[in-house]
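This report concerns only the one structure given below.
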Amino acid sequence: MAEKLKIAIAGLGRMGAIHALHAHELARDTETCQLVALAEPDVERAGRFLAATALDVPVFPSVDALASSGICDAAVVVTPTEKHREHAAALIDAGYRVMLEKPLTGTLDADRAFAAELDRDHPGALMLAFQRRFDEPLRYAKDLCTSGAIGRVFKVFSALEDSNPAPNGYNSGGILPDMAVHNVDEILWLTERVPTKALVIGSRLYSHALTTCEEDFDDALLFVWFDGDLSAQVQVSRNHVSGYRVETIIFGEEGQIHVGRFDQRLTTITVEAYGRRGRPEPIASKTFEMREYRQPLPEFVDRFGDAYKAELAAFIECCRTGAAFPANHRDGLRAQQVISAGMHHITGAAHAAQVK
């Protein structure tokens with residue numbers, strides 16, 4: 001049996017707090033890891049986390065200080081997007097394997113450069129955090145597709161809508177690179193294909209005026225086309241004021257699969273597969289009970305908290321065994337390429353842009 005992995009968390013913002021909580025729980029409840037350090041310049045924020053968890057671990061004031069400490073085997077980087085490349089590279093160069101919260105860097109050019117650097121020097125060192133790949137409802141839907149339950153898939157629709165704007169002070173690279181990167185990776189993972197063309201329609205309707213965060217749109221649609229008879233649609237918004245909405249619909253020649261539906265309580269997720277019209281009963285139906293965190297965490301945590309924890313557990317296991325990561329920098333680059341292609345043609349464009 002591999003020894004416990006010594007793990008550190010770099011960054012305790014809204015996503016960092018989630019990863020740190022799960023690392024603490026996995027260290028407490030399993031024999032797989034030990035949370036040995038934090039890197040967080042905000043002393044009060046770090047103190048609150050340590051007090052809440054009754055942990056006694058060192059808090060480093062910077063990622064560079066953590067990287068040079070030699071205290072851990074691996075690290076989770078959850079710092080601001082503009083620091084992702086710098087911080088991940090510092091830890092990887094110091095010999096650690098790293099799980100990096102999405103996106104890879106936030107821009108296509110920087111993604112390409114960082115991916116090339118990793119491919120050249122550290123091809124297996126970075127796992128990119130795409131938690132939807134670890135979500136049980138979506139994994140069940142993918143299994144249904146693979147089994148042929150709805151025949152050949154010809155369209156995927158994926159919606160992600162927040163009830164509020166991005167927080168004050170949040171640094172967004174745009175609603176599509178920041179939000180839709182999850183949906184795009186989900187579609188590439190579900191279909192196991194890469195699209196060839198993309199088109200974006202965006203607008204500023206309401207919530208952009210309620211925050212200091214500068215963002216291009218508060219509503220956007222991304223359309224993508226694959227070679228052959230397959231397309232996908234992504235809908236993202238900061239304007240779903242009634243609550244967090246996340247849904248996926250997969251259309252096949254013999255039926256469709258619906259993952260989730262809007263509900264202000266996100267702790268019960270139903271996956272249903274329906275056959276052609278006239279078939280009285282669903283092909284398949286399964287309900288998943290999500291964890292209720294009952295903590296002041298972002299609204300998406302009750303829906304995807306279990307997936308975030310499973311993702312971290314997978315990272316830890318890969319580090320302990322030396323296995324390849326299930327999602328890496330190349331997946332982040334591919335998702336960003338799709339989004340960037342769509343952004344070349346926005347609102348009323350006559351032709352979709354090539355993905356390259």
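Any read-out appearing in this document is the output of simple, stated calculations on the displayed coordinates, not a laboratory observation. From a predicted model like this one, the values you see are computed outputs, not experimental measurements. Note that each Cβ is placed from the backbone with ideal geometry, even for glycine, and that neighbours are counted across all protein chains shown.
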query = Expressed as a rounded percentage, what relative contact order does the chain have, with Cα pairs under 8 Å and six or more residues apart?
reply = 19 percent
remark   = Most fluctuating of ALA313, ALA54, ALA27 in the GNM of the chain (C-alpha, under 10 Å) is ALA54
ask   = To the nearest 10 degrees, how steep is helix 136-146 against the longest Cα principal axis of the chain, on a 0 to 90 scale?
value = 50 degrees
Of all DSSP beta bridges in the chain, antiparallel share, percent nearest 5 = 60 percent
query = Which of the GluC sites (Glu not before Pro) across region 191-249 are loop residues per DSSP, with 14 or fewer other Cβ within 10 Å?
reply = GLU192, GLU214
ask   = Counting Lys and Arg as +1 and Asp and Glu as -1, each charge on the Cβ, what is the dipole of region 188-283 about the Cα centre in debye, to the nearest 20?
value = 260 debye
remark   = Taking Cα atoms only, helix 43-53 is inclined relative to the longest principal axis of the chain by an angle, in degrees rounded to 10, of 80 degrees
query = Along its principal axes, what span do the Cα atoms of region 1-141 show, with the longest given first and each in whole Å?
reply = 42, 41, 32
key: Viscosity 1.567 mPa s, 4 °C: Kirkwood-radius Stokes-Einstein D of region 130-285 over Cα pairs, µm²/s   = 79 µm²/s
ask   = What is the Cα radius of gyration of region 88-222 over 2.2 N^0.38 Å, N being its residue count?
value = 1.22
message = Would you work out the Kirkwood radius for the chain? I mean one over the mean of 1/r across all pairs of different Cα atoms, in Å.
response = 21.1 Å
Average projection area in nm² (convex hull over Cα atoms of region 190-254, one quarter of hull surface) = 6.1 nm²
Rg ratio (alpha-carbon, reference 2.2 N^0.38 Å) - region 151-242 = 1.16
request  = Sort region 220-356 into rounded, prolate or oblate with this rule: let a ≥ b ≥ c be the square roots of the eigenvalues of the Cα gyration tensor; rounded if a/c is under 1.5, and if a/c is not under 1.5, prolate when a/b is larger than b/c, oblate otherwise.
outcome  = rounded
remark   = From the cross-link list LYS102/LYS197; LYS6/LYS356; LYS6/LYS142; LYS142/LYS356; LYS83/LYS356, the entries with a Cα-Cα span beyond 29 Å are LYS6/LYS356; LYS6/LYS142
request  = Kindly provide the Kirkwood hydrodynamic radius of region 256-330 in Å, to one decimal, from all pairs of distinct alpha carbon atoms.
outcome  = 15.2 Å
